[in-house]
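The values are calculated or read from the model by the stated rules, or taken from the named source; none is laboratory data. This structure is a prediction, so every number in the text was calculated from the model and none was measured. Note that each Cβ is placed from the backbone with ideal geometry, even for glycine, and that neighbours are counted across all protein chains shown. We work out accessible area using only protein heavy atoms, side chains counted, and drop any ligands, DNA or RNA first. Shrake-Rupley method; radii C 1.70, N 1.55, O 1.52, S 1.80 Å.
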Amino acid sequence: MRHSSDSLSHHVADNSVVCLMAPTASGKTALAYELYDTGRYELISVDSALIYRDMNIGTAKPTAAELERYPHHLVDIVDPMQSYSVAEFVSDVARLIDDCHHNGKTPLLVGGTMMYYMALLDGLSPVPDSDDSTRAHVEQWRQNEGIGALYDYLGDVDAISHQRLNATDTQRITRAVEVYLQTRTPISDWQRQPKRALAHNPNQQWHALAVMPDRPWLHERIEQRLDIMWSEGLVAEVIRLLEQYPLTPNLPSMRCVGYRQVLEYLVHIKHPIFEQPHLDKAKFYNAFGELEGSINKKIKLNSMFDLQAQSMMSDSQTEALACQQMQNKALYATRQLAKRQYTWLRKIIQLPNAAVEVTKLSDLSSNDGHAINRALSIQEVSTMEQARAHLQ
């Protein structure tokens, strides 16, 4: 039995798994460090951006010194050129949970990729991964004929997915076409099959803590963290990545918030990095709707500028304006990411197989006698201070 006023640490069994779920920039990492220092927990990252090597500033990755003191599983495990599926993540976490328990530790899953959490807590449909040849074939098809051609094909072979997906949802349309070409079974059929979730394991007790901070507070934190990223050299980091790897703009790594906006900025200013022989310049320019002779047309000016003023701007002024637009777009995209994370958290809280407690600021010290007797329990709190009190 667990009451809302109790600290979870007093009731964690040896077979427990703890999830710390919260939106970006909310303070998850700092709390994870404190919990690690108690000697009770082992840290497993639940972050689809931290998996990439050499992507440090834009992912807010812990420093090398921090990772040495506070080891995280599933950080720096693939190159930016590589893909890493949700199914692979679930498989890795299953193995790591067993390892943590074997070491006498409680696995603490911490991060903000809510799709990963949903896969762990609610389960995955048994949709097979796409093999490399099928993925390459569909990507070439998309480049040659556009996403519209794939969407039309999906209408012929999977009417349910065709109706459900937006015609511009490149990632999901591509995935659905890959699955059909590889299995000759629509992805909608695969998705109707029963889900399997790690949290359904009767031999484990899963405790999830959903932190839902006030939006204005979080937006201020997001802006502060982005300011730090710019000052630490996020643009230079992206340039180094382009120098080191034969990247393309549609890789999952390059769709990460922040990196996407920097790539667009570098295209806008015609940065010479795209002349590198290992990069396909056309892919970057096409990805952002740019043509070689009309880059500047895509730079939107504030209302105080008219077209004549724009034509009189120096290259340095144009570049400064593009830089400011990049920062504004990154801020907006990060806020949208946080909004999606809140949506995912609300879905997780409403999972039918979970027992849920909600702790508000006004009732943190109450004792309502609500018992948790299911394999998965979820508690919603409003602040990291509440999460700290609950987990320590």
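Taking loop as defined by DSSP and a crowding limit of 11 other beta carbons within 10 Å, which trypsin sites (Lys or Arg not before Pro) in segment 186-233 fit? Mind dumping the intermediate values first?
Details: sites: ARG192, LYS195, ARG196, ARG221, ARG225; in loops: ARG192, LYS195.
Here the trypsin sites (Lys or Arg not before Pro) that fit, given the DSSP loop and packing criteria, are ARG192.
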Checklist entry - Quick one: Karplus J couplings for segment 218-225, per residue in order, coefficients 6.51, -1.76, 1.60, θ = phi - 60°, nearest Hz, x for Gly and Pro? => result 5, 4, 5, 5, 4, 5, 5, 5
Next on the checklist: Under 8 Å for C-alpha pairs, at least 6 residues apart: give me the relative contact order for segment 235-289, rounded to a whole percent.
Outcome noted: 43 percent
Checklist entry - Can you give the relative contact order of segment 124-278 as a percent, counting alpha carbon pairs under 8 Å and 6+ residues apart? => result 20 percent
Checklist outcome for this item: So for segment 37-118, using the alpha carbon gyration tensor with a ≥ b ≥ c as root eigenvalues (a/c under 1.5 gives rounded; past that, a/b versus b/c decides prolate or oblate), I'd call it oblate
Checklist entry - With a sphere of radius 14 Å drawn around the Cβ of CYS100, what net charge do the other residues whose Cβ falls strictly inside it have (Lys, Arg +1; Asp, Glu -1)? => result -2
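With the other protein chains left in place, how much accessible area per residue, in square angstrom, belongs to segment 162-293 at a 1.4 angstrom probe? Could the numbers behind the result be given before it?
Working: 6740 Å² over 132 residues.
Here the per-residue accessible area is 51 Å².
Using a 1.4 Å probe on the protein heavy atoms, what percent of the accessible area of segment 56-194 belongs to carbon and sulfur? The partial results should precede the final answer.
Numbers: 3240 of 6760 Å².
Carbon and sulfur atoms account for 48 percent of the accessible area of segment 56-194.
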Checklist entry - Taking the Cβ of TRP190 as the center, what net charge do the other residues with Cβ under 15 Å away carry, scoring Lys and Arg +1 and Asp and Glu -1? => result +3
Checklist entry - Local charge sum around LEU20 (other residues, Cβ-Cβ under 12 Å, Lys/Arg +1, Asp/Glu -1)? => result 0
Item to check | Gyration tensor verdict on segment 128-279 (Cα atoms; rounded if a/c is under 1.5, prolate if a/b is larger than b/c, oblate otherwise) | outcome: oblate
Item to check | Accessible surface of SER130 - all protein chains present, 1.4 Å probe, nearest 10 Å² | outcome: 10 Å²
